[in-house]
Every structure is written in C-alpha cells, then in structure tokens.
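Chemist: Sharing a structure with you now.
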Amino acid sequence: MLKIENLSASYQTIDGPVHVVKHLNFDIRDNEIFGIAGESGCGKTTLLRVLYDIIQYPLSIDEGRVVLSGVKKGVPYELTTGEIRKAWWNNISYVPQAAQSVLNPIMRLKDQFLDSIPKQDRGDESKEQTLDRVRSYLKELGLSPDVLNAYPFQLSGGMRQRAIIALATFMSPGLILADEPTTALDVVVQRGILMMLTRLQKQYKNTLVIVSHDMGVHYQICDRVGIMYSGSLVELGPTADLFREPLHPYSRMLIGALPVVGDKSAKEGIPGRPPSLKDPPPGCRFAPRCPRASERCRREVPEFRQVRPGRFAACHLLEEEAQSHA
C-alpha cells in the first residue's frame, strides 16, 4: 500500500537546512492500523505531511520517495511523491490535528463536502443527489445530517473532528492518515473518535496511519507501531510484541515510564532532552541519553534493520547481542 524509500526531508531556514526526517525505509501494509509514536518534535507530523504530499516551502524532500499503490474499483494505481496529491480524498485522505484549521469558517459543511468530491466522481448527479449520499453516510457514522447546514463554529470540537473524519472517509480512500486526531478533546470524546476510526477501518478494510504521542492510543488500536526519535525510526514491530518486550533502549524507557493499573512503583522519566535537529550529535542520536551507550554509539550511526522476525530496530547493542548469540 505505502512504501517509504530512503526518505529524508528538511526545512529551509536562514541558518541553513534543518533535517527533520532522515533516511526512513519501511512499508505500511494493506488493511492495517499503523501507529507512529515518539516525543514532541521528533518529526511525526512532518513525516505525515510528506506522506500526504504536502511539500511546500520551507519543507522540501532531500532524497528518497513515497510510493502509494493499490486497487480501486478494479483499477490498479501507483503514485509517487509529486503525484500523490492527485489522489487526495479518492485514494488517500488526511485527518489533521485541529479541525478548525481545515474547515472553512465561512462555509456551511454541505458546501465543503461538495467541494471535496471530484466532478468525475459525481457523474451526472445533481448537488442534491450528492448531498443525499452524504446524509446517508453521516447516518451510518451516527451523525445527524443536520450538521451539513451548520458552520464549523456552530459545532463542538468533538463534532468538528467527527465531521472531518466523515469528510476524509466519504470517498472510501484506501489510506487514511490521522495526525493526533484526539488532541484537545476530553477522554469520553477521545474514545468516541477512536471507536469511529477503527470501526471505519474494519468496515471498509482500508489502511489507517495514526500519529500520536499517547502510547495508550497505540496500544489500544494499532497492529504495528513505529517509534521515532529525532527524525528517524529507532524501532518498528507488532504492537503486542513491542509493548511486551521493547528492544531499543529508547522504546524501553518510553514504555517503562507508562503508568500501569495496580502498579504503585515509582516511574522514571527519560533523562535529558531530545537533541536539536539543527545540530544533532554524531553517531546514534539517542546516545547522550542512553545509559548503555558505548563509544561506538557516539561515533557511528546504527543501521535500521530487522533484528528478529517482523521486528526492526536501529541499535548497535542489539547488533552486538545478535552476533554474540550467533
């Protein structure tokens, strides 16, 4: 469905480029929920923008590409970076962090739905016939068709987010990218949004990529999770395996800091702070915060590779452990 091939991206600044995404190589499979986790500032949102082909100054791709492929209505398609935007709404859609940043405040929702549906997909339908289809779809999602007559400011934050999800999924795209879809919502509304996304994924068997710093969200709904640190992936694997036995030191510390019901032991945060993306340290970027770092870690960049079946990580320690057991 989605291949990320040696992808690097940066922001141009007056002081030179800031490399926010660095040498990413991984696949996102058909019909899975894939999570991207990591601390704020690690490059999660930038990665999602690149996957969605929102490449606008000051953001640029330094090398590599994204390949989106699939089959829709019996017709296969393959699009690469620079072409993916042609498939917006139809084959790929985007649920942003803040619904108010996407919805036009001076347009009723019905007009925004009509604007998002390509003319070729409406065929000979009248606007009212198209809106009838939208109303039926909203009912399927448990939303009142009356929201179509509302302006965005007349809706609550949770209702606006549901409207964005309805807008993003109406054309049945094969891939949905969701960037912190539950941010700034109370826990009850968060649960409703997550249930809505997962129900749609199961019903239409599409692929959902969800970005969140909330590890609990990933644990609940994701099939696989990729852990990002300072612009790179440090670990990727099945969610259950990753939470049961995280391999990379950063993943271990990240998951080890999570509260567990019934566990009254003191939790420790990760010491230090993430490195500056403008001037990162040599070698492994996590080395300055890693209690097990060696001189090699501070000197050489570890390769992101398969360390166990279905498990990928970038860590010299794991490589050395594998060699000692060979």
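Chemist: Going by the conditions given, is S156 closer than 20 Å to D132 by Cα and outside the structural domain of V50 (by TED's automatic domain parsing)? I'd like the intermediate steps shown before the answer.
Modeler: Values: closer than 20 Å to D132 by Cα: no; outside the structural domain of V50 (by TED's automatic domain parsing): yes.
Taking the combined requirement at face value, the residue does not satisfy it.
Chemist: Of the residues T130, T198, only one is among the hydroxyl-bearing types (S, T, Y), farther than 26 Å from G74 by Cβ and not in a strand (DSSP E or B); which? Walk me through it before giving the result.
Modeler: Details: T130 fails: farther than 26 Å from G74 by Cβ.
Step by step, each of T130, T198 is checked, and only T198 is among the hydroxyl-bearing types (S, T, Y), farther than 26 Å from G74 by Cβ and not in a strand (DSSP E or B).
Chemist: Another question about this same structure. Can you name the number of the only condition in (1) modelled with pLDDT under 95; (2) in contact with a strand residue (DSSP E or B) (Cβ under 8 Å, 6 or more places away or on another chain); (3) under 30 Å from Y11 (Cα atoms); (4) among the aliphatic types (A, V, I, L, M) that A99 fails?
Modeler: Every listed condition holds for A99 apart from (2).
Chemist: Tell me, please, whether a residue that is modelled with pLDDT under 90, closer than 30 Å to E32 by Cβ and not hydrophobic (A, V, I, L, M, F, W, C) can be found in the stretch 63-70.
Modeler: To start, the set of residues in the stretch 63-70 that are modelled with pLDDT under 90 comprises none.
There is no residue in the stretch 63-70 that is modelled with pLDDT under 90, closer than 30 Å to E32 by Cβ and not hydrophobic (A, V, I, L, M, F, W, C).
Chemist: Can you tell me which residue among I36, I4 is in contact with a helix residue (DSSP H, G or I) (Cβ under 6 Å, 6 or more places away or on another chain), under 29 Å from T198 (Cβ atoms) and not small (G, A, S)?
Modeler: Working: I4 fails: in contact with a helix residue (DSSP H, G or I) (Cβ under 6 Å, 6 or more places away or on another chain).
One residue alone meets the criteria, I36.
Chemist: Restricting to the stretch 117-156, name every residue that is under 26 Å from the mean Cα position of the chain (by Cα), within 25 Å of T198 (Cβ to Cβ) and exposed (fewer than 15 other Cβ atoms within 10 Å of the Cβ).
Modeler: Scanning the stretch 117-156 gives E140, G142, S156.
Chemist: Could you check F153 against (1) in contact (Cβ under 8 Å) with a residue 40 or more places away in the chain; (2) in contact with a Leu (Cβ under 8 Å, 6 or more places away or on another chain) and say which number it fails?
Modeler: If we test F153 against (1) in contact (Cβ under 8 Å) with a residue 40 or more places away in the chain; (2) in contact with a Leu (Cβ under 8 Å, 6 or more places away or on another chain), just (2) comes out false.
Chemist: Something else now. Would the stretch 172-190 turn up any residue that is over 30 Å from L79 (Cα atoms), modelled with pLDDT of 90 or more and either buried (at least 19 other Cβ atoms within 10 Å of the Cβ) or of a type outside the set (A, V, I, L, M) (or both)? Step through it out loud before you land on a result.
Modeler: Kept after step one, since they are over 30 Å from L79 (Cα atoms), are these residues of the stretch 172-190: 183-190.
Now narrow it down to the ones that are modelled with pLDDT of 90 or more: none.
No - not one qualifying residue is present in the stretch 172-190.
Let's see how each residue does on (1) charged (D, E, K, R); (2) on the phi < 0 side of the Ramachandran plot; (3) in contact (Cβ under 8 Å) with a residue 24 or more places away in the chain; (4) in the same structural domain as M215 (by TED's automatic domain parsing):
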residue	(1), (2), (3), (4)
P58	no, yes, yes, yes
G64	no, no, yes, yes
L68	no, yes, yes, yes
K72	yes, yes, yes, yes
Y77	no, yes, no, yes
T81	no, yes, yes, yes
K86	yes, yes, no, yes
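Chemist: Out of all the residues in the stretch 259-268, is one or more more than 25 Å from A9 (Cα to Cα), out of contact with any Asp or Glu (no Cβ under 9 Å at 6 or more places or on another chain) and among the β-branched types (V, I, T)? Before the answer, list the steps.
Modeler: Residues of the stretch 259-268 that are more than 25 Å from A9 (Cα to Cα), as a first pass: 259-268.
With the extra rule that they be out of contact with any Asp or Glu (no Cβ under 9 Å at 6 or more places or on another chain), the set shrinks to 259-268.
The next check asks that each one be among the β-branched types (V, I, T); those that pass are 260-261.
Yes, there is a match, as at least one residue in the stretch 259-268 is more than 25 Å from A9 (Cα to Cα), out of contact with any Asp or Glu (no Cβ under 9 Å at 6 or more places or on another chain) and among the β-branched types (V, I, T).
Chemist: Can we say D241 is within 26 Å of I221 (Cα to Cα) and among the acidic types (D, E)? Explain how you work it out, then say what you get.
Modeler: Values: within 26 Å of I221 (Cα to Cα): yes; among the acidic types (D, E): yes.
It is true that D241 is within 26 Å of I221 (Cα to Cα) and among the acidic types (D, E).
Chemist: If you check every pair at least six apart or on different chains, which have Cβ atoms under 6 Å apart with a residue in the stretch 171-187 that is farther than 21 Å from K202 by Cβ first and a residue that is surrounded by fewer than 16 Cβ atoms within 10 Å (Cβ to Cβ) and aromatic (F, W, Y) second?
Modeler: The qualifying pairs do not exist here.
Chemist: I've got another one for you. I'm checking my understanding of the structure. Among residues of the stretch 258-282 that are touching a helix residue (DSSP H, G or I) at 6+ places or on another chain (Cβ under 9 Å) and aliphatic (A, V, I, L, M), which one is surrounded by the fewest Cβ atoms within 10 Å (Cβ to Cβ)?
Modeler: Among those residues, the one meeting the criterion is L258.
Chemist: Take the residues in the stretch 135-180 that are assigned to a helix (DSSP H, G or I) and among the charged types (D, E, K, R), then tell me which one is nearest to I28 (Cα to Cα).
Modeler: Residues of the stretch 135-180 that are assigned to a helix (DSSP H, G or I), as a first pass: 135-140, 145-149, 152-154, 157-169.
Within this subset, residues satisfying the condition of being among the charged types (D, E, K, R) are 135, 139-140, 146, 160, 162.
Values: R135: 32, K139: 31, E140: 28, D146: 36, R160: 28, R162: 25 Å.
Applying the filter and picking the extreme gives R162.
The values are calculated or read from the model by the stated rules, or taken from the named source; none is laboratory data. Note that the structure is a prediction, hence the values are computed from the model and not measured. So basically every Cβ, Gly included, is an ideal-geometry build from the backbone, and we count neighbours across all protein chains shown.
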